[in-house]
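Here the structure comes first, spelled out in structure tokens, and everything after it is commentary.
Here, each number is a calculation from the coordinates, and none is a lab measurement. As the structure is a computational prediction, the values presented were derived from the model and not from experiment. With ideal geometry, Cβ positions are generated from the backbone for all residues, glycine too; neighbour counts draw on all protein chains shown.
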Amino acid sequence: MGTRGCLSCTERCIRTVVLKFFLYSLTYTSMAMYAFHQAAVAGGTTMILDFVIPQNGKSLLEAYDRWRKTADSKVCCDYSLHVAVTWWSDKVKEEMETLTKEKGINSFKMFMAYKDVFMLQDDQLYAAFAQCKEVGAIAQVHAENGDLIAEKMLSMGITGPEGHELCRPEEVEAEATQRAITIAHAVNCPLYVVHVMSKSAAKVVSDARRDGRVVFGEPIAAGLGTDGTHYWNKDWAHAAAFVMGPPLRPDPSTPGYLMDLLANDDLSVTGTDNCTFSVCQKAVVNGVEDRMSVIWEKGVVCPDNIPELYLTLINKDKIFNFYPQKGRIAKNSDADVVIWDPKMTRKISAKTHHQAVDYNIFEGMECHGVPVITISRGKVVYEDGQLNVSPGHGRFIHRKPFSEFVYKRIKQRDQVSKEPPVPFPCLTKIQNFSKKIPQISENLQNLQEENSNNSLKVSLKSFILKKSPNLARKFF
Ligand SMILES: [Zn+2]
């Protein structure tokens, strides 16, 4: 259905294509938004978290207001918004606070890629993450090393879809993921890694979680349902339909690996991030309608996985703080229900889907598990293949900051870091020992002045060990 908008076969330069997607993302039509929501309910999704992406240098609040103005009268299921921080200033910092306190936003997305367009440098990421922590929001990150990608694109003279993956290999994603986790940890801010696309990046997230970091990783339907071998397809239009950032990986075992981590809770949630208008997954990379079926087909056809996958759906509601309003059938919760037939099958095709794009990256995939009825706040909006939606039925869902699910551990960490430092056991011994070595006396002076500085104590200990290992052995 519809047209593919900005993508044409004559546009051979991926960079141009990507930039056009940016523009598309900023100027999408309300009709496209309506079609997107229709696709969601047809696929068994009852709530959408979309992205507001202000242009570099422009007001976050104005971009948010514009989005609400377009969306509120068009949406046919409930929705909420993440807001992107695409540049940094005191004004941006203030607007983040206003959005959190007054506008129902509790998540902000930062880009480590798309240099000169949306990318933040490390010091800006640090400031943005610190502000997220201050206002009780969750920092989301598009994790790819934008500098490296820009250099590689130039040096390789990228001209085709296969080059898209070549200039942004797995380590480019893994490095940025690690860096984002390190920066978030430095300010003790919760981090949500959007669209984890590679084994390497997934492993970074998984390791960090095992180290106790408050980080969540989200693989998307495209990464779970297909792979990057399509970039080498001889049909340029076919290959180009799979272009997204970060790219799908050519290693065909990647989707299975990501699904395993999802079932283990090493990765926490699933999404599409295509959001039709997203700069990352762009217009042609569909997912919202097929997300549930693809996950079901890849993850649940083994029934043991059902409880874990159910949890991944609930996790998102908890992380972004709209549970139990959503994600639960109970009094005072919204009556959002999907009746799912696990045995029914359907074949995914662009000919039958509801998305406003004429290509489907899951084309031909036979899926077990089909939504039969979708109910949005008590109203049947989809039944047996028929949509029964009206524009404006959906509501904007205000989300409060300081999600308990996320901030409980953040607050505990803050508490622990406030406790007095552990006394340095060898201090008296060093004082006696120091009289023998002048350099130590000097360092000891600093040590006494900054008695709580643990790093100084550690470096002093290594200094003594180095200068006089025989004597030091008596003390350590
Ligand atoms: Zn992204």
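Computed packing ranks the peptides 363-374, 251-262, 326-337 as 251-262, 363-374, 326-337, most packed first, by mean other Cβ atoms within 10 Å. Of all aspartates and glutamates in the structure, those lying under 17 Å Cα to Cα from Lys347, and not within fewer than 8 positions of it along the same chain, are Glu289, Asp290, Glu297, Asp358, Glu363, Glu366, Asp384. Beyond a 21 Å Cα-Cα separation, which of these cross-linked pairs lie in this structure: Lys343/Lys379; Lys109/Lys133; Lys133/Lys418; Lys101/Lys411; Lys298/Lys343; Lys101/Lys318? Distance filter (> 21 Å) returns Lys343/Lys379. Beta bridges assigned by DSSP with both partners in the range 17-417 are antiparallel in approximately 40 percent of cases.
Quick one: length gained pulling Lys400 to Thr345 fully straight, 0.36 nm per residue minus the C-alpha distance? Kindly include the intermediate steps, with their values, before the conclusion.
Details: separation 55, 0.36 × 55 = 19.80 nm, distance 3.87 nm.
Full-extension gain reported as 15.9 nm.
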